[in-house]
Amino acid sequence: YRSFYSYDHTDLKATVEAVDDTPPDWRREKVTFGAAYDNQRVVAYLFLPRNSIPPYQTVVYYPCAAGLASTSSDDLELMVVEFLIRSGRAVLYPVYYGMYERNSEPSAGGPAFVRDRVIRWAKDFGRSVDYLETRPDIDRDRLAFYGLSLGAVEGPVLTAIDGRMKAIILHGGGLPQYRRLAEVDPIHFAPLVRAPVLMIGGRLDSIQRVETCQKPLLRFLGAPGKDKRILIVDRGHSVYPTPPVINESLAWLGRYLGPVKTR
């Protein structure tokens, strides 16, 4: 199925649209670059920490389904990623197709629509990583993925296709409870995910249930047993990072990306 996701690596024509230097812990750059389809442009926010030295380890974030309901990236889920920035790592927060201000097309809801949307998400992810590789202040050899809820469900597809992540965190994910077309079904991509994966799930999650969604995904993931782990917390679905979640996530990134060079 890889050919469904291939794209021409044309000039990104990247532009820094705006810079916000006011936050005490990070610098925020709003960037745009060419998408891999329909002459569209991907919007992304790059958060650069003030407490570490470039080139930065970088985490590419994928949000929950709230991004599909919002019409403005003024509503970014910063509460979810700020602990990553404060740890000294940069965070790239792309606005994927159909999310935030790119949410202009009503959902058809059918399996073909879902397939086409997932493929565009994967291309947006790939172009986002392409953009990071153009920046001298980013360490291209120390990239990680963090997906929350929807992002954790799509994570196996995106990271298997791209192959450049050195560590993966799936928060509130698992195998989907509904059937998908084969070319976008995570069950076919999970065995190709060889990077280390930390899964974080809720014991009381009624959407991604432990025994039928979370643990089966863990078994299917292609990373060696010593490089994949599930942390089950006594909460429901896709909780915001609590101290145990933060500690486990940062330990995972430190183990596979190495220590951050602090100022």
Notebook entry, point to check: Could you give the length gained on full extension between residue 51 and residue 11, defined as 0.36 nm per residue of separation minus the Cα-Cα distance, in nm?
Noted result: 11.2 nm
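Counting only protein heavy atoms and using a 1.4 Å probe, what share of the accessible area of the chain belongs to carbon plus sulfur, as a whole percent? Display every interim value, and only then the final one.
Details: 5920 of 11410 Å².
Carbon-and-sulfur percentage of accessible area, whole number: 52.
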Next item on the list: Kindly provide log₁₀ I(q)/I(0) values, in the same order as q = 0.15 Å⁻¹, from the Debye equation applied to equal alpha-carbon scatterers of the range 6-68.
Entry: -0.63
Notebook entry, point to check: How big is D for the range 26-170, in µm² s⁻¹ as a whole number, if Stokes-Einstein is applied with the Kirkwood radius of its Cα pairs at 37 °C and 0.692 mPa s?
Noted result: 215 µm²/s
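Could you sort 58, 22 by their accessible area in this structure, using a 1.4 Å probe and putting the largest first?
Largest accessible area first, the residues go 22, 58.
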Note to self: Can you give me the solvent accessible area of residue 229 with a 1.4 Å probe, rounded to the nearest 10 Å²?
What the structure shows: 90 Å²
Margin query: Let me check the size of the range 154-263 from its C-alpha atoms; what are the radius of gyration and Dmax in Å?
Written below: 14.0, 49
Item checked: chymotrypsin sites (Phe, Trp or Tyr not before Pro) restricted to DSSP loop in the range 12-50 with at most 14 other C-beta within 10 Å -> 37
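What number, rounded to the nearest 500 deg cm²/dmol, is the helix-based mean residue ellipticity at 222 nm of the chain, given -39500 (n - 2.57) per DSSP H run of at least four residues and division by all its residues?
Details: 8 runs with 77 residues, N = 263.
Taken over the chain, the calculation gives -8500 deg cm²/dmol.
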Notebook entry, point to check: Which value in nm describes the separation of the simple spin-label points at residue 178 and residue 226, placed 7 Å from the Cα toward the beta carbon?
Noted result: 4.1 nm
Next item on the list: Rounding to the nearest 20 debye, state how big the charge dipole of the range 70-163 is about its Cα centre with +1 on each Lys and Arg Cβ and -1 on each Asp and Glu Cβ.
Entry: 200 debye
Check: For the range 192-244, what is Rg from Cα atoms divided by 2.2 N^0.38 Å, rounded to two decimals?
Finding: 1.14
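What is the Å³ per residue value for the convex hull set by the Cα atoms of the range 119-217? Write out the running numbers ahead of the final one.
Details: hull volume 8.8 nm³, N = 99.
Normalising the Cα hull of the range 119-217 by residue number yields 89 Å³.
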Notebook entry, point to check: For residue 30, which lysines qualify as cross-link partners when the Cα separation must be under 30 Å and same-chain residues fewer than eight apart are set aside?
Noted result: 13, 123, 166, 261
Checklist line | Three principal axis lengths of the chain [C-alpha, angstrom, descending] | finding: 45, 41, 30
Notebook entry, point to check: Rg/Rh for the range 155-208: what does it come to with C-alpha atoms and Rh from Kirkwood?
Noted result: 0.97
Checklist line | Cα-Cα pairs of the range 68-124 separated by more than 14 Å (percent) | finding: 63 percent
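The values are calculated or read from the model by the stated rules, or taken from the named source; none is laboratory data. The structure displayed is predicted, hence computed values, not measured ones. Reconstructed Cβ throughout: ideal geometry from the backbone, glycine too, with neighbour counts over all protein chains shown. Accessible surface areas use protein heavy atoms only, side chains included; no ligands, DNA or RNA. Shrake-Rupley method; radii C 1.70, N 1.55, O 1.52, S 1.80 Å.
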